[in-house]
1. For a test of the definition: using alpha carbon positions, the gyration tensor, and the 1.5 limit on a/c, classify region 400-551 as rounded, prolate or oblate.
2. In nm, what is the difference between 0.36 nm times the number of residues separating ARG236 and THR395 and their Cα-Cα distance?
3. Dipole magnitude of the chain about its Cα centre, charges +1 at Lys/Arg Cβ and -1 at Asp/Glu Cβ only, in debye to the nearest 20?
4. Rounded to the nearest 0.05, what FRET efficiency is calculated for GLU47 and GLN351 with R0 set to 45 Å and r the Cβ-Cβ distance?
5. Are there any GluC sites (Glu not before Pro) in region 223-289 that are in a DSSP loop and have at most 14 other Cβ atoms within 10 Å? List them by number.
6. Tell me, for the chain, which Cys residues have no other cysteine's C-beta sitting closer than 4.7 Å.
7. Can you give the FRET efficiency for LYS292 and GLU179, using 1/(1 + (r/R0)^6), R0 = 35 Å, r = Cβ-Cβ distance, to the nearest 0.05?
8. What distance in nm lies between label points placed 7 Å from Cα along the C-beta direction at ASP56 and LYS244?
Amino acid sequence: MTELLQKMIDGKQLSADDGRLLTSEIESGNRAEPGSEEEVLRWLAEEYELSYNGLDGIKLDRELLSLFPARVLLKEELLPLQRRNGSVLIATSRLFSTEGIDTLKSLTGLHLEPVLAPSEILQKEIKKQLGVGADTIDQLDEEATFEVVEEEDDGDLDNGAEDASIIRFVNQVMKDAIELRASDIHVEPFEDELRIRYRIDGVLQEVPVPARIKKYQPAIVSRIKILSHLNIAEKRLPQDGRIKLRLEDMEIDVRVSIIPMLHGEAVVMRLLRQDSALRGMEELGMPDRELKMFQKVLTLPHGIALVTGPTGSGKTSTLYTALNAINDSIRKIITIEDPIEYQLKGVNQIQVSEKAGLTFGRGLRAILRHDPDVILIGEIRDQETGQIAVQASLTGHLVFSTLHTNDAPSAMTRLVDMGVEPYLVASSLEAILAQRLVRVLCPKCREVDTTSQTAALKQRIESLREATIYRPVGCAECRTTGYSGRHAIFELMDLSSEIREMILRDCSAGQLRDVARKKGMRTLSDDGWRLVQKGITSPDEVLRVTKDQTLDDNLVI
């Protein structure tokens, strides 16, 4: 029935448009809304008297799964579900492509009964159940192309690291992490296992891998070293390197850190997407008051604007968005960073190189002789950098930088603690923006939270009293986490004359915070409750990334 059905007969995956068109043809216009691949599969299941399974919350028999070769399951998109009446139910989205099921029948001797399931969900569930690179590990076991040697003899390790299957496995891990929007890959050796975890939306998530992967640990680490141009023979000292990747049209810079641990070398790879599209200022998600204040800072002729927060809180992305907003032909913009995370057209960018002697301090002195209007310093790390930044702002430059502090008021006291004179801090600082990233609730599975803890929270937080609060549940779309993506929360503090005087009097961060709040500053937690009120995130997330001093310590969500 049409070329679309022929696609399914040939075992090809349907696009969303294909599915809608096919459903429309199948049902001859009887439905007001043409459907998706799911509706096509449901119709086919009914037509051929088969079962349909959406794979929601399914629990699989691991012993049954072990009877089938992983590479066939992955290649043919097949997933054994359960035994029933002497047969094995096996999920597939390719009803008319029987080659895979026939192969499994001949290999196992079992009677297989097909059950239809959506292709995309089926692929995710297969990868989740079998683990990343399960087909590669199967092939390694069968081919036995190399042998893992003892620590004293590394003679065959070069060959092992160059084995096609090891190369393919490492590539699969990195490709999988990129597709899942991971920011970091952690490869961690333990006594009886090699654990792989991805940091997704700021939270580490364990990746299922075949248990047999432990014996290939040395070759996997050596392969990563080869890609990073590191010394594969050195196993006693930490090493740092980098890898350049290209996935379709995306360029990724991978920063590699390898540290010897008790049971082998641990690897952490940070993924920096070079081609990430920068958003406009309005798309950062700032409240109106903070957005107008921050835009006003961008028009200043000189001064320092700081963005503070822990590692991975989106500070650099915010600064680049700000630079992009003022990047024009009449301004000279120079940045000094470690590393350069985005490449901005029209902006002069310097990469710090400690080995070559190009430090932040030395680079900054050179920048000041280069006639800049705007300077971005990747991070104020020490007294030298802080003092040069202050001097640059006082001599007519607009300076942006980052600092690691818990909130905006603490940034001022941190600079003084570093050794920058209070009168210089008071005269040069114009604004401090603290930020965090909270995870966004998955729109497909979130549900209204009616627990007693949430009811108590509503009583304590005035802005939430009339709000509908949601909580995470977990589904196939969000990898059962309940969250998908992240949203920033902000705390913007501008320096009034009163606050400048308080800095000169060496007042504490707490005193500065109290005065700033009286003048209208919205704290990180205040902004977090704004997102909870809108149904964007959960109270758990806000409490995870902020310290709300308005709540009792015994109030646990």
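All of the numbers you see were taken from the coordinates with simple rules; none came from a lab. Predicted model, so just to flag it, every value in this text is computed and none were measured. Glycine gets a Cβ as well: all are built from the backbone with ideal geometry, and neighbour counts include every protein chain shown.
1. Working: a/c = 3.36, a/b = 2.12, b/c = 1.59.
Cα axes put region 400-551 in the prolate bin.
2. Extending this stretch completely gives an extra 52.4 nm.
3. Approximately 1940 debye in magnitude.
4. Working: r = 61 Å, r/R0 = 1.36.
That pair, GLU47 with GLN351, gives E of 0.15.
5. Numbers: sites: GLU234, GLU248, GLU251, GLU265, GLU282, GLU283; in loops: GLU234, GLU248.
Those satisfying the criteria are GLU234, GLU248.
6. Those would be CYS507, since no other cysteine Cβ in the chain comes under 4.7 Å of theirs.
7. Values: r = 38 Å, r/R0 = 1.08.
Calculated value: 0.40.
8. The answer from the label model is 4.7 nm.
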